[in-house]
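Visitor: Structure in structure tokens, see below.
The values are calculated or read from the model by the stated rules, or taken from the named source; none is laboratory data. None of the values given here were measured: they were computed from a predicted structure. Because the Cβ atoms are built from the backbone with ideal geometry, glycine has one as well, and the counts that use them run over all protein chains shown. Surface accessibility is based on the protein's heavy atoms, side chains included, excluding ligands, DNA and RNA. Shrake-Rupley method; radii C 1.70, N 1.55, O 1.52, S 1.80 Å.
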Amino acid sequence: MNFDFSEEQKLLKKTVQDFLTEQAPLAVNRAVLESDAVYDEGLWKSAAEMGWLGAAIPEEYGGAGFGYLELVLIAEEVGRALVPIPFGTSVGLATEAILAAGKPEQKEKYLTGLAAGDRIGTLAIAEGPGPVKLEDVTTTFENGALNGTKIAVPDGGAADTAVVLANTGGATSLVIVDLGADGVTRTVQRSIDPTRTVATLEFKGAAGELLGGQGEGAALTQRVLDRAAILTAWEQLGGAQRAFDITQEFTTGRYAFGRPISSFQAIRHRLADQYVDLELARSNCYYGAWALETNADELPIAACNARISATHIGELTSVEMVQMHGGVGYTWEYDCHMFYRRAKHLGLVLGSADEWRERLIQHLIAKQAA
Amino acid sequence: MDFKDTPAEAEFRAKARAFLDEHAERLAPGESAAGFMERDDPDLIKKSQAWQALKKDNGWACLTWPKEYGGQGLSSLESVVWNQEEGKYRTPPNVFSIGLGMMGPTIMAHGTDEQKERFLARMARGDDIWCQLFSEPAAGSDLAGLRTSAVRDGDDWVINGQKIWTTGATYCKWGMVITRSDPNAAKHDGLTYLIVDMESPGIEIRPIKQINGASGFNEVFFSDVRTPDSLRVGAVGDGWRGATTTLMNERASIGGGGGGLRAEDLLGLAKKVGRLDDSSVRQRIADFYVRASGLKYTGYRTQTAISRGSIPGPEASIGKLVGAPMMQELASFGIDLQGSAGVLIDRDFGCQDSYLGSPGMRIAGGTDEIMRDIIARRVLRLPTEPRVDKGVPFNQIPSGPPTP
Ligand SMILES: Cc1cc2nc3c(=O)[nH]c(=O)nc-3n(C[C@H](O)[C@H](O)[C@H](O)COP(=O)(O)OP(=O)(O)OC[C@H]3O[C@@H](n4cnc5c(N)ncnc54)[C@H](O)[C@@H]3O)c2cc1C
């Protein structure tokens, strides 16, 4: 039994952490929040140069030749620093889709750009409010032309390439579209966390190319979502840990009734509960990381575990962060709201925890039947 | 990162399995060990002792204890592997956990050579069963508030007072009792830790009936009970140090509980009662499953840390703090699933038994609230609440009226 990361992997994590501590203080996230910028271009470039974007991409396509155990640790640090870059989306969704289904020439064409950060990818699925039914999309792809509207496209303001789930003659397929092409209209939507933009994409006869087989769209999308859920869970975990650390420090420095507020049991015990749930979430994330790295049969269940517990801990720590800061916690000036926003955002981009719970039960029932 | 045994672990596991296959029956898949604690069996203690002796005589008992004290001198890792394997077999309930998990380590840390010589090997073999005489009517979470007195008389100590919640007192040969030897000293200073023969004159044991009808624990009354000074563990007035050792070992040994109703079992139950399509039911079961998985993989992380030589610290409180309340919630939910028929004791899923038994888990060995305090203080290093009982002579500390 070796349920831990190697020394080299931990060293990599430390390097990433040190870099972000220096280069990505929370003021960087705030700057994007308070401006019209959709992401921090300088940090995106750095992420590419340091090999974070291509961590799981084979070297022949410009990847860094790391693996998923390295990638999840990078995601954790990106999450911890609330780095305003489309990391999870481009790496976890678009790159994974192309890795899973791309023909060699597609890999050559897209992965090199994705690894170098010249291309920013996303995955467009949802078409309206409510849980997405993958088999049931109205956007069509016929004779090389894409028509329809996708909403809440993650990092839709930053992306230049989208993998789109479309209906192709009664079945679903994935389609790659260049968002600069004719017939594509992009509208950035107002959202909870403007440092990770979401957009509406309107396609009117836009040119696209099939990714993977005709009719494989829903299955491929699910596979990609499962893998992205694990990566995102690590990002959520990093943010949750940071929120918790800041709250712990604040409550020990803040005095009321003549003593630190963290000496009151109503605070201490809630911090203890958060610590416990953080550890449980971390352990589920470890299992997810192992499943990603080994491409285990258990991956879909591991993804549900990681996704559900990371979403829970992200929300818990950020809600408690605001509450335990008191009045200043509710101000724009303090950083609490950036965690509050990001946690909710990440908890929804791949579908809500409710949907993942339902999926988990389906997997468990299938497993018991087998 | 991988789940495979190292070659050394695999070899040890295979040896453990070979022994277990020869001497015990393997559980069917999905069958949980909790199912056959045949508590009403009058020979339970004897069967339990026979199993322990068999393990000891074949080198499978007290794996981490030094050889000179009847152990095998192995690491915690081997002990984890052994526990995993033993848990897959039908074996008698373990009545030695207090002795082997807490009393033995305390004697090893603070006892005299003579005490080690006299007690440890017999304890390891299950020849003698031990109990922990800590809690009192007015001292549970606040253990140092205990009042049972010990007064020196020649070579003996004379003990008077009352202990309560003493698990196994009726069948134990030896007990370890914390006493107050100096009521004028500050609360934590005037305590002395003694070993006492449970068959001594002046000891009266009265079983207490629990919520679930069983009587695992007892009241123990001491009237002029004598025990020789040679059975003192640690210095006079330094009993708190030994007590702390005991409690640390207790928390490490209680862990997640294991056994009993599992989240997946609820799927079968939901199906049986026609509620498997109900999304509110599915959502709850999923949450239980995710939490239980988190606990399981936390165990893997701990196991990995142990294999690298680290000693489980206060983080070990997580297992009990998550596992015990979850057992109660699972049981409650499982009962509710059955509608009004849920009031009937159903042995298929055991929800009702678990509902009646699980509250004790949240109290024994430190309540949920005390566990949270331990995490807050020892893991997170948060400041503690101001206290009114520090540095004050014990007999001047305020106390409430006695509980009826
Ligand atoms: C099944 C079982 C077996 C046991 N076996 C043994 C045994 O073998 N030997 C032995 O010595 N003891 C044993 N105990 C006793 C057990 O250790 C105590 O019951 C436990 O420590 C709680 O003490 P108490 O019962 O006095 O409750 P109290 O300490 O009075 O607690 C009452 C309530 O107050 C809360 N509380 C107390 N202090 C605080 C605080 N500082 N902050 C917040 N809340 C607080 C508690 O959490 C609890 O909810 C056993 C108990 C059970 C249930």
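Visitor: Once Lys and Arg get +1 and Asp and Glu get -1 on their Cβ, which of B:Gly313, B:Asn218, B:Asn395 lies farthest toward the positive end of the dipole of chain B?
Guide: Of the candidates, B:Gly313 comes out farthest on the positive side.
Visitor: Taking only Cα atoms, what is the 0 to 90° angle, nearest 10, from helix A:336-349's long axis to the longest principal axis of chain A?
Guide: 30
Visitor: As a test of the definition: with a 1.4 Å probe, what buried accessible area, both sides summed, do you compute for A against B, in Å² to the nearest 100?
Guide: Chain pair A/B: roughly 4400 Å² of buried accessible area.
Visitor: Skip the ligands, DNA and RNA, and give the accessible area per residue of segment A:219-369 with a 1.4 Å probe, whole Å². Could the numbers behind the result be given before it?
Guide: Values: 5430 Å² over 151 residues.
The answer is 36 Å² per residue.
Visitor: Multiplying the sequence separation of A:Gln214 and A:Glu135 by 0.36 nm and subtracting their Cα-Cα distance, what value in nm do you get?
Guide: Gain on extension, A:Gln214 to A:Glu135, equals 27.1 nm.
Visitor: Sticking with this structure for a sec: Classify segment B:130-239 as rounded, prolate or oblate, taking a ≥ b ≥ c as the square roots of the eigenvalues of its Cα gyration tensor: rounded when a/c is under 1.5, otherwise prolate if a/b is larger than b/c and oblate if not.
Guide: Oblate, since a/c reaches 1.5 and b/c is not below a/b.
Visitor: Please give every one of the lysines within straight-line cross-link reach of A:Lys14, meaning a C-alpha to C-alpha distance under 21 Å, and leave out same-chain neighbours fewer than 8 residues apart.
Guide: A:Lys45
Visitor: Give the separation of the Cα centroids, segment A:6-63 to segment B:329-404, in Å.
Guide: Measuring centre to centre over Cα atoms gives 45 Å.
Visitor: If you don't mind, another one. Ignoring everything except DSSP H segments at least 4 long, calculate the 222 nm mean residue ellipticity for chain B; use -39,500 (n - 2.57) per segment, divide by total residues, nearest 500. Walk me through the numbers on the way to the answer.
Guide: Numbers: 11 runs with 156 residues, N = 404.
Theoretical 222 nm ellipticity from helices: -12500 deg cm²/dmol.
Visitor: Please work out the FRET efficiency for the pair A:Lys109 and A:Thr185, using the Cβ-Cβ distance as r and a Förster radius of 30 Å; give the result to the nearest 0.05.
Guide: After rounding to 0.05, the efficiency reads 0.80.
Visitor: A:Asp4 versus B:Asn184, label points 7 Å from Cα toward the beta carbon: distance in nm?
Guide: Using points 7 Å along Cα→Cβ, the separation is 5.2 nm.
Visitor: Follow-up. Filter the DSSP H helices in chain B by two things, a Kyte-Doolittle mean of at least -1.0 and an axial alpha-carbon span of 18 angstrom or more, and list the hits by number.
Guide: Correct list, ordered by number: B:7-23, B:44-57, B:239-254, B:279-307, B:317-337.
Visitor: Given Cβ point charges of +1 (Lys, Arg) and -1 (Asp, Glu) and nothing else, what value in debye, to the nearest 20, does the dipole of the protein assembly as shown about its Cα centre take?
Guide: In total the dipole reaches around 1300 debye.
Visitor: With +1 on each Lys and Arg Cβ and -1 on each Asp and Glu Cβ, and nothing else charged, work out how big the dipole of segment B:255-353 is about its Cα centre, in Debye to the nearest 20. It would help to have the intermediate numbers written out before the result.
Guide: Values: 12 positive and 11 negative charges, 75 e Å.
For segment B:255-353, the charge dipole is close to 360 debye.
Visitor: Beyond a 32 Å Cα-Cα separation, which of these cross-linked pairs lie in this structure: A:Lys150/B:Lys271; B:Lys320/B:Lys390; B:Lys209/B:Lys271; A:Lys344/B:Lys320; A:Lys13/A:Lys150?
Guide: Those over the limit are A:Lys150/B:Lys271; B:Lys209/B:Lys271; A:Lys13/A:Lys150.
Visitor: Once the Cα atoms of helix A:265-294 and of chain A are each reduced to a long axis, what angle between those two axes, in degrees from 0 to 90 to the nearest 10, is obtained?
Guide: The angle comes out near 30 degrees.
Visitor: Can you give the mean number of other chain Cβ atoms that lie within 10 Å of the Cβ atoms in peptide A:278-288?
Guide: Going residue by residue through A:278-288 and averaging, the value is 6.
Visitor: Take the alpha carbon gyration tensor of segment A:108-170, find the square roots of its eigenvalues, order them as a ≥ b ≥ c, and report rounded if a/c is under 1.5; if not, report prolate when a/b exceeds b/c, else oblate.
Guide: Cα axes put segment A:108-170 in the oblate bin.
Visitor: At B:Leu54 and A:Ala366, where each label point lies 7 Å from the Cα along Cα→Cβ, what is the point-to-point distance in nanometres?
Guide: According to this spin-label approximation, the distance is 4.3 nm.
Visitor: A follow-up question, please. Within the protein assembly as shown, what whole-number % of the accessible surface is contributed by carbon and sulfur, with the 1.4 Å probe and all protein chains included in the calculation?
Guide: Looking at the protein assembly as shown in its full context, I get 51 percent from C and S.
Visitor: Ok, one more. For segment B:256-379, build the charge dipole from Cβ charges (+1 Lys, Arg; -1 Asp, Glu) around the Cα centre, then report which of B:Ala331, B:Phe288, B:Leu267 sits farthest towards its positive end.
Guide: B:Phe288
Visitor: Would segment A:7-116 count as rounded, prolate or oblate if I go by the C-alpha gyration tensor, calling it rounded below 1.5 in a/c and otherwise prolate when a/b exceeds b/c, oblate otherwise?
Guide: Because a/c hits 1.5 or more and a/b fails to exceed b/c, segment A:7-116 counts as oblate.
Visitor: Right, something else. Given A:Lys367/B:Lys296; A:Lys10/A:Lys367; B:Lys4/B:Lys296, which pairs have Cα atoms separated by over 24 Å? Each step should come with its number before you reach the end.
Guide: Details: A:Lys367/B:Lys296 18 Å; A:Lys10/A:Lys367 34 Å; B:Lys4/B:Lys296 16 Å.
Correct reply: A:Lys10/A:Lys367.
Visitor: Mind ranking B:390-400, B:97-107 by how tightly packed they are, going by the mean number of other C-beta atoms within 10 angstrom, highest first? Walk me through the numbers before you get to the answer.
Guide: Working: B:390-400: 11.8, B:97-107: 23.3.
Descending mean neighbour count gives B:97-107, B:390-400.
Visitor: Here's a follow-up. Average partner chain C-beta neighbours within 10 Å, per residue of B:372-378?
Guide: 5
Visitor: Using helices alone, what [θ] at 222 nm do you get for chain A, with -39,500 (n - 2.57) per DSSP H run of 4 or more residues, divided over all residues and rounded to the nearest 500?
Guide: Working: 11 runs with 183 residues, N = 370.
When only DSSP H runs of four or more count, the value is -16500 deg cm²/dmol.
Visitor: Another question about this same structure. Evaluate the relative contact order of chain A (contact order divided by residue number), counting alpha-carbon pairs under 8 angstrom at least 6 apart; express in whole percent.
Guide: 16
Visitor: Extending each Cα 7 Å along its Cβ direction at B:Glu117 and A:Asp118, get the distance between those two points in nm, one decimal.
Guide: Using points 7 Å along Cα→Cβ, the separation is 8.2 nm.
Visitor: Compute the angle between helix A:299-325 and the longest alpha-carbon principal axis of chain A, please, reported from 0 to 90 degrees and rounded to the nearest 10.
Guide: 40
Visitor: Give the residue from B:Ser230, A:Gly63, B:Gln162 lying farthest towards the positive end of the charge dipole for the protein assembly as shown; charges sit on Cβ (+1 for Lys and Arg, -1 for Asp and Glu) and the dipole is referred to the Cα centre.
Guide: Toward the positive end, the furthest listed residue is B:Gln162.
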